[in-house]
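Have a look at the structure below, then the notes.
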Amino acid sequence: MSISFLEKASAAIRDVPDFPEPGIVFKDITPLLLRPDLLEGVIERMAEEFRDCNVEKILAIDSRGFILGAPVALRLGVGLALARKGGKLPWKRHRVEYALEYGTDVIEVHADSISAGERVVVVDDVLATGGTAQAAGRLVAQAGGKLVGMGFLLELQFLSGRQKLPDVDVRALLSYS
Ligand code: AMP
């Protein structure tokens with residue numbers, strides 16, 4: 001039986017146990033990025049998920065979301081907005097603080113990156129607990145945008161990230177249980 005494209009993409013994602021802390025299995029996409037055939041196929045499929053949704057903007061999440069979000073935006077012929085970690089953006093911003101296991105984190109977007117009523121898709125590499133994606137969704141709302149959906153390369157199903165995104169059209173190319 002021939003190996004499917006998604007099986008090849010999955011095989012190129014490296015599991016790194018106990019990184020960045022004990023008990024976490026880090027999904028390292030850098031081997032996949034070294035393979036232009038796989039990267040192109042992944043980008044094409046992520047863009048296809050939202051091809052018929054009249055998307056007007058991609059909001060890519062700091063930092064690996066930028067790598068995937070930029071070419072997805074190009075494929076869909078729409079602009080790219082950056083959801084950055086707190087303190088990185090120089091211009092007027094929307095800001096969302098969200099809870100981590102210990103403490104809080106902040107993501108921000110330039111206020112002029114998303115217009116009122118604009119149809120936005122959030123892009124990131126990994127959906128884990130869903131906290132970051134949920135915060136990105138709140139950024140879209142703050143900016144007055146319309147959240148069309150969220151696209152991920154992979155989803156760690158056992159962390160139930162989708163539960164934090166009950167009304168969101170969540171797409172993930174790969175799912176790990
Ligand atoms: P979360 O907010 O828990 O859904 O975490 C999502 C963010 O953390 C994404 O931006 C991912 O890049 C990163 N992340 C979380 N867990 C992992 C993991 N096991 N492997 C790689 N990246 C992860």
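The values are calculated or read from the model by the stated rules, or taken from the named source; none is laboratory data. Keep in mind it's a predicted model, so treat the numbers as computed, not measured. Backbone-built Cβ (ideal geometry, glycine too); neighbour counts: all protein chains shown. Please note that ligands, DNA and RNA were not included when accessible areas were found on the heavy atoms of the full protein model with its side chains. Shrake-Rupley method; radii C 1.70, N 1.55, O 1.52, S 1.80 Å.
Before moving on, here are some points about what is shown:
- Applying the criterion of being within 15 Å of the ligand (Cβ to nearest atom) and in contact with a Lys or Arg (Cβ under 8 Å, 6 or more places away or on another chain) to the residues of region 28-62, the residue that is nearest to residue 115 (Cα to Cα) is 62.
- When 117, 41 are screened for being in a loop (DSSP other than H, G, I, E, B), open to solvent by less than 70 Å² (accessible area, probe 1.4 Å) and of a type in the set (Gly, Ala, Ser), only 117 passes.
Results for (1) within 20 Å of residue 51 (Cα to Cα); (2) near the ligand (Cβ under 10 Å from one of its atoms), shown as yes or no for each residue.
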position: 111; (1), (2): no, no
position: 120; (1), (2): yes, no
position: 124; (1), (2): yes, yes
position: 148; (1), (2): yes, no
position: 152; (1), (2): yes, yes
position: 166; (1), (2): no, no
position: 171; (1), (2): yes, no
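- Residue ID - farthest from the ligand (Cβ to nearest atom), chosen from residues in region 5-16 that are open to solvent by less than 90 Å² (accessible area, probe 1.4 Å) and not aromatic (Phe, Trp, Tyr): 6
- All conditions in (1) among the small types (Gly, Ala, Ser); (2) open to solvent by 20 Å² or more (accessible area, probe 1.4 Å); (3) away from the ligand (no atom under 16 Å from the Cβ) hold for residue 143, with the sole exception of (2).
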